[in-house]
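No value in this document is a laboratory result; all are computed from the given coordinates. Just so it is clear, the structure is predicted and the values come from calculations on it, not from any experiment. When we count neighbours, we look across all protein chains shown, and the Cβ atoms used for this are built from the backbone with ideal geometry, even at glycine.
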Amino acid sequence: MEVNITALIDQYQNLIFSICYRTTGDYFAAEDLTQETFLSAYRSLDSFDGRYEKAWLCRIAANKCTDYLKSAQRRAEPTDWDAMPELPGRDGQPEQEAYETMVRETLLKRCRQLKAPYSEVAELYFHEEASPEEIADHLHRKLKTVQTQIYRARSMLKEIYRKEEPK
């Protein structure tokens, strides 16, 4: 039995996309994985017997998503900033000092991109390295409020940096 890949795409592209999207939670990754699924199916057409095409395509999509999530997990940054290891000191090396200055300037710029009150709290906490208690005293706010604002600012900064990552 001969299988037409165009007919498979027309019939199952929405199903495969929804599987990929529900699995990854990322619209653009789901688009890519859907395309990869049909490309893989096309390459395997000669070994496919033509039966259970829906199950066959769903299995390919599930495998593609699993591979994607495994590779994404390896690329993921630590979610807890405190768990990140300290880099050994490189005192006296101009390249390192220039790099650290550039990173700090970029961080300050990103902190200032946030809306108030998060910009002020983020700048004090992430750039000036003030403790939450010091920030609460300085801004005359409750400690719990400052802690919540730091948490939210961290999420916003992560999103800004994620958008800037090269694809």
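For residue 141 and residue 104, the difference between the fully extended length at 0.36 nm per residue and the C-alpha to C-alpha distance is 10.7 nm.
At full extension, residue 40 and residue 6 could sit 10.9 nm farther apart than now, given 0.36 nm per residue minus the alpha carbon distance.
Distance check, please: which entries in 70/158; 54/158; 70/144; 109/144 exceed 29 angstrom between their Cα atoms? Walk me through the intermediate numbers first.
Values: 70/158 21 Å; 54/158 39 Å; 70/144 36 Å; 109/144 25 Å.
Result: 54/158; 70/144 exceed 29 Å.
With θ taken as phi - 60° and the Karplus curve 6.51 cos²θ - 1.76 cosθ + 1.60 applied, the whole-hertz 3J(HN,Hα) list for region 126-133 is 7, 8, 7, 6, 7, 6, x, 5 Hz, x standing for glycine and proline.
At an R0 of 22 angstrom, the distance between the Cβ atoms of residue 164 and residue 131 translates into a FRET efficiency of 0.20.
Under the simplified labelling scheme, the residue 154-residue 69 pair shows an inter-label distance of 2.5 nm, with each label point 7 Å from Cα along Cα→Cβ.
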